[in-house]
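The values are calculated or read from the model by the stated rules, or taken from the named source; none is laboratory data. Not measured: the values here are computed from a predicted model. Note: ideal-geometry Cβ built from the backbone for every residue, glycine included; neighbour counts use all protein chains shown. With ligands, DNA and RNA removed, areas are computed over all heavy atoms of the protein, side chains included. Shrake-Rupley method; radii C 1.70, N 1.55, O 1.52, S 1.80 Å.
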Amino acid sequence: MRRTCLATAFIAGLVGSASGQEASEATIAANKALHDYLPFEDQTDFENATRGQIATLEVEQITAPDGTVIYDMAQFDFLKGEMPETVNHSLWRQSKLNAIHGLFEVVKGNIYQVRGFDLAVMSFVRGENGWIVIDPLTATETAAAGYKLLRERVEDLPITAVIFTHSHVDHFGGVKGILTPDEIAARKIPVIAPEGFFEEAVSENLIAGNAMSRRASYMYGNLLEKGPQGSLGSGLGPTTAAGTVTITEPTVTVSDTPTEMKVDGVDMIFLNTPGAEAPAEFMFYIPKFKAMMQAEEINHTMHNLYTLRGAKVRNGDKFAKYINDTINRFGDDVQVSFGSHNWPTWGNTAIVEFWKGQRDTYRYLHDETLRLANKGETMVEIAEQMQLPDSLARSFANRGYYGTVNHNAKAQYQLYFGWFSDNPSQLHELPPVEESRKFVEYAGGADAVIARAKADYAAGNYRWVATALNHVVFAEPANKAARDMLADTLTQMGYQAESGPWRNFYLSGAKELRDGVVRTATPDAASPDMIRALPLGIYLDYLAVRLNHPKAAGADIALNFILPDVNQTFTLTVTNGVMNYTTGRQNAGADATVTMNRSLLDDINLGQTRLVDAMQAGQVQVDGNQDKVVEFIGLLDSFDFWFNIVTP
């Protein structure tokens with residue numbers, strides 16, 4: 001079964017046509033001003049992004065056996081043309097760099113990378129007996145294509161180790177495209193990952209998965225065409241692959257800094273870096289090659305301290321401290337720095353300057369937010385005035401192609417203070433529809449708001465126009481004039497955005513205002529591999545979230561479950577509108593005991609069958625009050641992927 005990864009919510013075949021809207025004079029001027037500020041004459045990144053290029057695929061598509069396109073490099077060919085007026089010039093430059101694809105030599109004869117085959121980068125280190133694979137991409141199809149290219153163009157050697165740098169799916173999902181579990185077991189291939197990797201990887205996005213996935217469809221521009229009036233990519237990388245997502249459990253975990261390890265004869269020094277870019281992550285140094293694998297803690301972009309698809313807020317202080325530790329340990333020795341995204345950096349001076357810029361960017365975001373907060377500034381006020389010093393801001397590696405100064409500053413405020421600004425007028429605000437109706441009423445009606453918005457639109461005051469017209473749309477969702485004008489406004493904001501996700505959000509919102517929510521096949525919540533790997537407790541947490549709590553307010557249910565194929569048991573209760581559970585125990589006073597295989601439970605969660613159907617088919621044994629089991633099933637909610645975002 002082919003599945004898209006939840007974190008990216010790739011929706012194959014669902015792309016809207018470009019709006020056809022041209023850039024306004026205000027947009028052209030804003031993009032030119034940024035162009036004039038940045039050192040576009042510096043071509044170092046282009047030299048590094050093409051350095052060591054060996055080959056790429058003859059046909060610039062990766063397909064499944066049935067012909068389904070998994071990844072299409074050619075979709076970014078428009079970036080080879082002249083830069084249009086409908087793009088932020090800095091984002092266009094970054095997107096051109098990210099779109100350079102193929103197999104590259106990083107350290108002569110020993111370290112290679114496959115770039116531009118997926119959102120992330122897959123790296124290979126030559127060991128004594130074969131290839132050490134680092135971060136095998138999102139999908140089995142893209143990982144297999146990259147490994148095949150390496151074997152054909154460098155040397156056909158077996159895989160002798162796999163390293164997962166962190167728990168995000170674009171760095172492990174393709175593993176079974178290059179190795180089978182039987183091979184790992186038979187050849188005792190080490191699979192190395194940071195402590196907590198497996199639990200974090202399989203639970204990522206599950207509890208809040210439907211909402212995160214819908215938001216991710218905006219963040220990654222999956223509803224948009226790639227093109228000058230559509231998505232330019234993500235800023236962190238080109239775009240996400242649609243394919244088969246898999247996982248395998250690590251055989252070796254790293255918990256300490258430093259941890260020294262010999263991997264297929266290659267000495268490596270691991271630095272455990274949890275809780276910054278990912279809940280479970282490490283970097284590592286290879287002394288023999290003076291090479292630092294920076295994972296995703298260091299990138300040729302400012303990373304997210306809050307990711308717009310939704311996630312727990314990240315701590316800039318941890319980013320800065322981890323990078324500072326890396327400088328202190330290896331800054332005098334390092335000669336090449338390569339990572340999980342973008343392109344490598346060569347030369348000690350250039351690397352240390354790059355590392356220091358990244359360190360100081362996160363340090364500035366974190367510390368300046370707290371300085372201003374301690375002076376009484378609120379989240380939005382801090383984000384509005386926050387600017388990096390020129391020494392950081394004029395470096396392309398610190399630009400906001402993925403994270404931004406604005407939303408990262410807000411993230412650091414939220415990390416310490418939460419959502420409340422401390423202004424009591426904002427303590428108990430009206431919901432969006434009610435607030436919007438009163439706003440429009442106070443402004444003299446929708447026509448009056450639209451009339452004033454036209455003047456601000458002409459003046460290029462798009463942020464305020466978006467605010468005002470959003471109120472009209474939420475007050476009067478059928479108001480076509482407001483929807484169309486808001487769509488035009490968001491389009492101009494998208495054309496000005498330097499962040500790939502910001503551009504994608506603006507243009508996706510504009511598309512849905514014009515076309516409505518176009519329903520198609522719903523993206524799968526997770527791959528079979530991920531679901532079957534879920535620890536029982538995480539699965540039950542998800543089940544508890546699915547409970548319709550108001551509907552369950554009067555229920556009183558107690559059930560035992562026995563899963564004989566995995567020798568596990570649990571008991572659950574539904575009282576006071578909530579579900580609680582205990583694993584490894586049974587309740588002597590339960591209404592019923594349900595016996596079923598864990599594999600069947602997984603099939604139910606994957607949507608391959610229903611519990612009611614399995615009960616009727618005799619695959620489930622119920623001892624006791626079957627009506628209580630049916631009642632419990634009836635209290636579980638389902639989630640519609642295609643909920644509205646830009647309209648009520």
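So what is the calculated 222 nm ellipticity per residue for the chain, using -39500 (n - 2.57) for each DSSP H run with n of 4 or more, over all residues, to the nearest 500 deg cm²/dmol?
-11500 deg cm²/dmol, from helical runs alone.
With the dipole of the chain worked out from charges on the C-beta (+1 for Lys and Arg, -1 for Asp and Glu) around the Cα centre, which of Thr301, Gln619, Asn210 lies farthest toward the positive end?
About the Cα centre, the residue reaching furthest to the positive side is Thr301.
Quick one: net charge around Ile645, please, counting Lys, Arg +1 and Asp, Glu -1 for every other residue with C-beta under 9 Å from its C-beta.
Result for the local shell: +1.
Restricting to DSSP loop positions (anything but H, G, I, E, B) with no more than 11 other Cβ atoms inside 10 Å of their own Cβ, which trypsin sites (Lys or Arg not before Pro) remain in the stretch 482-556?
Arg519
First select every other residue whose beta carbon is under 14 angstrom from the beta carbon of Tyr112; then total the charges, Lys and Arg +1, Asp and Glu -1.
+2
Of the heavy-atom accessible surface of the chain (probe 1.4 angstrom), what whole percent is carbon and sulfur?
Result for the chain: 49 percent of the exposed heavy-atom area is carbon or sulfur.
Please state the charge dipole magnitude for the stretch 208-320, taken about the Cα centre, from unit charges on C-beta atoms (+1 on K and R, -1 on D and E), reported in debye and rounded to the nearest 20.
Roughly 440 debye for the stretch 208-320.
From the phi angles alone, apply the Karplus equation (6.51, -1.76, 1.60; θ = phi - 60°) to the stretch 250-257 and give each ³J(HN,Hα) in whole Hz, x where the residue is Gly or Pro.
x, 9, 9, 10, 10, 10, 10, 10
Run the dipole for the chain about the Cα centre, Lys and Arg Cβ at +1, Asp and Glu Cβ at -1, nothing else charged, and hand back the magnitude in debye, nearest 20.
260
Per residue, how much accessible surface does the chain expose to a 1.4 Å probe? Answer in Å², no decimals.
40
Looking at Val336, Gly177, Gly347, which one has the Cα that reaches farthest to the positive end of the dipole of the chain (charges on Cβ: Lys, Arg +1; Asp, Glu -1)?
Value: Gly347.
Across the chain, where is the longest run that never hits chymotrypsin sites (Phe, Trp or Tyr not before Pro) in a DSSP loop with at most 16 other C-beta atoms within 10 Å?
It works out to 41-418.
For a 22 Å ceiling on Cα separation, which of these pairs sit above it: Lys551/Lys628; Lys80/Lys226; Lys318/Lys410; Lys290/Lys356; Lys410/Lys438; Lys375/Lys410?
Pairs exceeding 22 Å: Lys410/Lys438.
Using unit Cβ charges (K, R positive; D, E negative) and no other charged atoms, how large, in debye to the nearest 20, is the dipole of the stretch 244-296 about its Cα centre?
The calculation lands at about 220 debye.
Once a ≥ b ≥ c are taken as the square roots of the eigenvalues of the Cα gyration tensor of the stretch 83-174, is the result rounded (a/c under 1.5), prolate (a/b larger than b/c) or oblate (a/b not larger than b/c)?
Prolate.
Which of the GluC sites (Glu not before Pro) found in the stretch 25-93 are loop residues per DSSP with 10 or fewer other Cβ atoms within 10 Å of their Cβ?
Listed in order of number, the matching sites are Glu41, Glu58, Glu82.
Hey, what do the phi angles of the stretch 81-94 turn into as Karplus ³J(HN,Hα) couplings, whole Hz, using 6.51/-1.76/1.60 and θ = phi - 60°, x for Gly and Pro?
Going residue by residue, I get x, 5, 6, x, 7, 8, 9, 5, 5, 5, 5, 4, 4, 4 Hz, with x marking Gly and Pro.
What relative contact order, as a whole-number percentage, does the chain give when Cα pairs under 8 Å and 6 or more residues apart are counted?
Relative contact order here is 14 percent.
Which is farthest toward the positive dipole end of the stretch 384-434 among Trp419, Val405, Pro389, measuring Cα position about the Cα centre, with Cβ charges +1 (Lys, Arg) and -1 (Asp, Glu)?
The Cα lying farthest towards the positive end belongs to Pro389.
Pop out the ³J(HN,Hα) list for the stretch 272-279 in order, Karplus 6.51 cos²θ - 1.76 cosθ + 1.60 with θ = phi - 60°, rounded to Hz; leave Gly and Pro as x.
3J(HN,Hα) across the stretch 272-279, in whole Hz: 6, 10, x, x, 9, 6, 9, x.
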